[in-house]
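Derivation of every value follows stated rules applied to the coordinates shown; laboratory data play no part. This is a predicted model, so every value here is computed, not measured. Here the Cβ is made from the backbone with ideal geometry for all residues, glycine too, and neighbour counts use every protein chain on show.
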């Protein structure tokens, strides 16, 4: 198995529909041992059964904005695993009001919260894991097309994802001297708990399905398999990359042309109405 003998930390699983869950599942199926984190008591009740599903008893409390939690995380990983081979960062948050209306109306507080939780957390988490990360390890985060391109309703989260993608490149250089790779997966829209806060998300799903070259939306399993590749030794020569797993949507320059039930040519937008 590709990941046999590898140990890793999964940060950001909310339930079995999470993209992080798909990555954890793919790694587990290939022989990896996993540790998980939870934000609070409410999420702990969801995360512990998932950890048990994957045969793990290593579940730690972690608020990425809490320095004490990060310090304890390093010690916990050292005590339970000794060292780890990979890290999955699946953390993003912005206040709901910042995902509504105009980006121009974003408050300083909402901007700081989004950037701190969604971007700086990758830096602080990487730093916390470096003392226990084996040379030649791999770090993976999750981004979205709303970073480099405009996506309706994504607002401040789009700006945060752009900063996250830039952070991937800078961290790749900092970690590269130890052979540690840092990459991101830019997944297509998936109906997850995090996505529920984005306005008109059903329309976004329909639009993507109609306009991707593969005429489909991606699944957590598909993203999970790509994540496993980037965390495994199969991707030893890959670092600082944004890997798109979106059925090809990112290559499109304009809406696709399709046919209606009568065979008439229509634009994809009309097809989803």
Taking a ≥ b ≥ c as the square roots of the eigenvalues of the Cα gyration tensor, with a/c under 1.5 meaning rounded and otherwise prolate when a/b exceeds b/c and oblate if not, region 124-194 is prolate
Take the Cβ-Cβ distance between residue 65 and residue 202 as r, set R0 to 41 Å, and report the resulting FRET efficiency rounded to the nearest 0.05.
0.85
In whole µm²/s, the translational diffusion coefficient that Stokes-Einstein assigns to region 1-148, given a Kirkwood hydrodynamic radius over C-alpha pairs, 10 °C and 1.306 mPa s, equals 99 µm²/s
So what is the 222 nm mean residue ellipticity for the chain from helices alone, if each DSSP H run of at least 4 adds -39500 (n - 2.57) and you divide by all residues, rounding to the nearest 500 deg cm²/dmol?
-12000 deg cm²/dmol
Round to a whole angstrom and tell me the spacing of the C-alpha centers of region 112-134 and region 218-246.
20 Å
Out of all DSSP beta bridges with both ends in region 7-272, state the antiparallel percent to the nearest 5.
10 percent
Please work out, to two decimal places, the log10 of the ratio I(q)/I(0) at q = 0.07, 0.11, 0.13 Å⁻¹ from a Debye calculation in which every Cα of the chain carries one identical scatterer.
-0.25, -0.61, -0.84
May I ask you to sort 175, 129 by Cβ crowding, counting other Cβ atoms within 10 Å and putting the fewest first?
175, 129
